[in-house]
Amino acid sequence: MDEEYDVIVLGTGLTECILSGLLSVEGKKVLHMDRNDYYGGDSASLNLTQLFRKFRGDQAPPSELGRDRDYAVDLVPKFIIASGELTKILVHTDVTRYLEFKQIAGSFVYREGKISKVPSTEMEAVKSPLMGLFEKRRAKKFFEFLQNWKDEDPATHQDINLDTATMKAVYEKFGLEPGTQDFIGHAMALYLDDDYINKPARQAYERIVLYTSSMARYGKSPYIYPLYGLGELPQAFARLSAIYGGTYMLDKPVHEIVTDSEGKFVGVRSGSETVKAKQVIGDPSYFGDDKESGKIRVFEDGKVVRAICILKHPIPGTEDADSVQIIIPQNQVRRRHDIYIAMVSSTHNVCAKDVYVAIVSTIVETDRPEQEIIPGLQLLGPIYEKFVSVTPIYTPISDGKADNIFITRSYDATSHFETVVEDVQDVWKRIIGKDLVLKKREVEVVEH
Amino acid sequence: MSKQLQFKLVLLGESAVGKSSLVLRFVKDQFDDYRETAFLTQTVNLDDGTSVKFEIWDTAGQERYKSLAPMYYRNANCAVVVYDITQTASLEKARNWIRELQRQADPSIVIALCGNKLDLAARRQVTQEEAQKYAEEEGLMWAETSAKTGEGVSDIFTRIAKKLPTTAQPASRGGASRAGATAGRAGVDLNKQQRPSTSADQCNC
């Protein structure tokens, strides 16, 4: 370990692995370390033994659950939105050759005590109980307006300026009912709270377009998911980095972030060894309590409660779907933030046959977080095993330019990886000083 | 009728035993100028008309600090575990890799133990008897090779090709014959959807 690197990366979560993959391709000499003996950090997928070790100490998993190796239980409930930025990075870097994806079978939304499918086709929309007949007509006009919008063609704007008009004003113009607004804002634009309503409509427009174009891409739901769990994603990017010369060390404790007298980054100490590099990137867990310097580098920006639930049946009311997202909009359960359920199963090679793994999550609003997810837990039916965690969301205090210490963000409560990619782009710009540009790669022609 | 089969082959073994050189010899019939490559493929044609395509995964150095990802072993149909016949310790490491394969890989995996650097036989430390005995005990294929001269290289890959099941599913991207991928809903191909619209695509409408 006496070599000097361009960048040391700490933690093998998805954010860090995408960065080290892209940096290695760019020609940087990267050393990537993780204190755990597995890849993925907080975005890992664990087998049963690892899962029980993490949540239950010495308790062994019940043999009834089947073989250890059949399990890859995600710690963070997220899906990949088909037309999003992560998909672009996966294709651009060609790591898709290490991965295989399947669709998520359906997306559901909770309304007045029951769940209904988010329509994925016009036929489903016509039959959907989510809106009355007249409301459907109004909603149709609203979606046509969004679909036809062209920035350069004022005729498509219907006197609305997306950059100044609030989303509230847009909803009102089309006369949409509060229940429909809830559905659009939470089940399609995927806002976790209602703050967006009083902001300019542009972002909501873009989020609805992302959702509908993702839905149109493969049908059924806007989401795709990697076989063998989300933990495959960091592994694939780590492999990309390794192929371009990145050095990998798992199971490596990090004892100190070494800085010079001005506080600038010098290296990372593990035991008695110190490895030097020009810059360091890491997840917040490596910068939380630097006892040596007493320096605080991250702050807590809320908490997320997540309950990983092992079920022996599909979720009731989902037509026995093998994988679903269920959104409980905050208004429906008198909260400030939505409750999400993400469920996958053996179809995605993440658990034994006839087992279903659902994660119920939300942003913590009270001092009894487990109580807050009860409306979600109640939708699941009997729960075989439940592992609850309350995780702080950390944000770096500084941009790292002054000390060459670049800290990523914790995984938030959103249902897909778009905020992870935003973090990657943000860190990249801070490190390289330029925007991350994904060049178009040659498109593979698939033979029929 | 000729049959085309595709399998995922992983390389294992201590650093500097010649894993990458062995593959370079097999795939390109070269010895020098190895540049780490993500994904190499090579097809072996068997006498019965079957062609076996190997999708070869190199460790990319991730074995150095025991940091190979589970993804590496996943759905591997065959493994070539390499040791250096001039280094006794490298056979010991090979035994560890074989134990790791038995723990992590599919139980049906075909494993070949391969003693490389046969061109340096004058400096041999590992006897043929010792390695062969171990291979027999563990039910592994065994061979000695020289990536430098090419001796024994295509032979061991052909032997592996013959031993693989003839009924395997064609490999999909991300690994050969994934059991789950064939059951239920078909997977989605991110690359395929990126194609620009051409007249050929319209048959799907």
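The values are calculated or read from the model by the stated rules, or taken from the named source; none is laboratory data. Being a predicted model, the structure only gives us computed values, none of them experimental. Methodologically, a virtual Cβ is constructed for each residue, glycine included, from the backbone with ideal geometry; neighbour enumeration extends over all protein chains shown.
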Residue list for the stretch A:270-310, filter: surrounded by fewer than 15 Cβ atoms within 10 Å (Cβ to Cβ), among the hydrophobic types (A, V, I, L, M, F, W, C) and either within 30 Å of A:L65 (Cα to Cα) or at pLDDT 90 or above (or both): A:F299
Failed item in (1) in a helix (DSSP H, G or I); (2) outside the structural domain of A:M33 (by TED's automatic domain parsing); (3) out of contact with any helix residue (DSSP H, G or I) (no Cβ under 7 Å at 6 or more places or on another chain), with A:L192 passing the rest: (1)
Pairs, first within 14 Å of another protein chain (Cβ to nearest Cβ) in the stretch B:63-90, second among the aromatic types (F, W, Y), C-beta under 7 Å, six or more apart: B:Y65/A:Y248; B:S67/A:Y248; B:A69/A:Y39; B:M71/A:Y98; B:Y72/B:W57; B:R74/A:Y228
Hey, B:S90 buried (at least 17 other Cβ atoms within 10 Å of the Cβ), assigned to a loop (DSSP other than H, G, I, E, B) and of a type in the set (S, T, Y) or not: no
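Do we have A:S398 as modelled with pLDDT of 95 or more and of a type outside the set (A, V, I, L, M, F, W, C) here?
Values: modelled with pLDDT of 95 or more: no; of a type outside the set (A, V, I, L, M, F, W, C): yes.
So A:S398 does not fit the description; no.
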Single residue of the stretch A:94-136 satisfying the filter (within 10 Å of chain B (Cβ to nearest Cβ) and not in a loop (DSSP other than H, G, I, E, B)) that is surrounded by the fewest Cβ atoms within 10 Å (Cβ to Cβ): A:R97
Of all residues making up the stretch A:195-221, the number that are modelled with pLDDT of 95 or more and not in a helix (DSSP H, G or I): 3
Residue in the stretch B:124-169 that is nearest to B:S90 (Cα to Cα), counting only those that are hydrophobic (A, V, I, L, M, F, W, C) and without any contact (Cβ under 8 Å) to a residue 60 or more places away in the chain: B:V126
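For the stretch A:220-236, how many residues are small (G, A, S) and at the interface with chain B (Cβ under 9 Å from one of its Cβ atoms)? It would help to see each step written out before you state the result.
So the first thing to find is which residues in the stretch A:220-236 are small (G, A, S), and the list is A:221, A:229, A:231, A:236.
Add one more test, that the residue is at the interface with chain B (Cβ under 9 Å from one of its Cβ atoms), and what stays is A:231, A:236.
Of the residues in the stretch A:220-236, 2 are small (G, A, S) and at the interface with chain B (Cβ under 9 Å from one of its Cβ atoms).
Out of A:V390, A:V437, report the one residue that is closer than 30 Å to A:Y71 by Cα and β-branched (V, I, T). Write out each step before concluding.
Values: A:V437 fails: closer than 30 Å to A:Y71 by Cα.
Among A:V390, A:V437, only A:V390 is closer than 30 Å to A:Y71 by Cα and β-branched (V, I, T).
Step by step: first the residues of the stretch B:131-149, then only those that are of a type in the set (G, A, S) and in contact with a Phe, Trp or Tyr (Cβ under 8 Å, 6 or more places away or on another chain), then the one that is farthest from B:K163 (Cα to Cα). Which residue is that?
Quick first cut of the stretch B:131-149, residues of a type in the set (G, A, S) only: B:131, B:135, B:139, B:143, B:146-147.
Narrowing the set further to residues that are in contact with a Phe, Trp or Tyr (Cβ under 8 Å, 6 or more places away or on another chain) leaves B:131, B:135, B:147.
Values: B:A131: 20, B:A135: 15, B:A147: 22 Å.
Residue satisfying both the conditions and the ranking: B:A147.
Out of A:D260, A:D251, I need the residue that is at the interface with chain B (Cβ under 8 Å from one of its Cβ atoms) and among the acidic types (D, E). Which one?
Values: A:D260 fails: at the interface with chain B (Cβ under 8 Å from one of its Cβ atoms).
Unique residue meeting the criteria: A:D251.
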Tabulated pairs, the stretch A:18-29, first farther than 15 Å from B:A60 by Cβ, second small (G, A, S) and part of a loop (DSSP other than H, G, I, E, B), C-beta under 6 angstrom, 6+ apart or interchain: none
Close pairs from the stretch A:359-386: first at negative phi, partner of a type in the set (K, R) and crowded, with 21+ Cβ neighbours inside 10 Å, Cβ under 6 Å, at least 6 apart: A:I359/A:R306; A:S361/A:R306
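Specify which of the listed residues (A:M188, A:M167) is among the hydrophobic types (A, V, I, L, M, F, W, C) and under 29 Å from A:E319 (Cβ atoms).
Numbers: A:M167 fails: under 29 Å from A:E319 (Cβ atoms).
The conditions single out A:M188.
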All strands (runs of 3 or more DSSP E) inside the stretch A:251-343 with 1 or more residues being free of Cβ contacts under 8 Å to residues at least 12 places away in the same chain: A:265-270
The stretch B:41-62, residues that are touching a residue at least 60 places away in the same chain (Cβ under 8 Å) and hydrophobic (A, V, I, L, M, F, W, C): B:V44, B:L46, B:V52, B:F54
Pairs where the first residue, in the stretch A:189-202, is farther than 19 Å from A:K303 by Cα and the second is not in a helix (DSSP H, G or I), C-beta under 6 Å, 6+ apart: A:N198/A:T166; A:P200/A:D163; A:A201/A:L162; A:A201/A:A165; A:R202/A:L162; A:R202/A:D163
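Just wondering, is there one or more residues in the stretch A:70-92 that are basic (K, R), assigned to a loop (DSSP other than H, G, I, E, B) and within 30 Å of A:R334 (Cα to Cα)? First the steps, then the outcome.
Initially, the stretch A:70-92 is screened for residues basic (K, R), giving A:78, A:88.
From the residues that got through so far, the ones that are assigned to a loop (DSSP other than H, G, I, E, B) too are A:78.
If we keep only those that are within 30 Å of A:R334 (Cα to Cα) too, we end up with A:78.
Among the residues of the stretch A:70-92, at least one is basic (K, R), assigned to a loop (DSSP other than H, G, I, E, B) and within 30 Å of A:R334 (Cα to Cα), which makes the answer yes.
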Test result for B:T41, out of contact with any helix residue (DSSP H, G or I) (no Cβ under 7 Å at 6 or more places or on another chain), exposed (fewer than 15 other Cβ atoms within 10 Å of the Cβ) and within 14 Å of another protein chain (Cβ to nearest Cβ): yes
Of all residues in the stretch A:1-54 being polar (S, T, N, Q) and crowded, with 24+ Cβ neighbours inside 10 Å, the one that is nearest to A:I308 (Cα to Cα): A:S45
Filter result for the condition that a residue is outside any helix (DSSP H, G or I), over 30 Å from B:T86 (Cβ atoms), modelled with pLDDT under 85 and within 14 Å of another protein chain (Cβ to nearest Cβ), over B:Q193, B:Q202, B:Q169: B:Q169
Failed condition for A:N198, given (1) of a type outside the set (D, E); (2) surrounded by fewer than 18 Cβ atoms within 10 Å (Cβ to Cβ); (3) out of contact with any helix residue (DSSP H, G or I) (no Cβ under 7 Å at 6 or more places or on another chain): (3)
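Out of curiosity, is A:R217 crowded, with 22+ Cβ neighbours inside 10 Å, out of contact with any strand residue (DSSP E or B) (no Cβ under 8 Å at 6 or more places or on another chain) and within 13 Å of another protein chain (Cβ to nearest Cβ)?
no
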Selection from the stretch A:145-154 of residues that are loosely packed, with under 12 Cβ neighbours inside 10 Å and outside any loop (DSSP other than H, G, I, E, B): A:P154
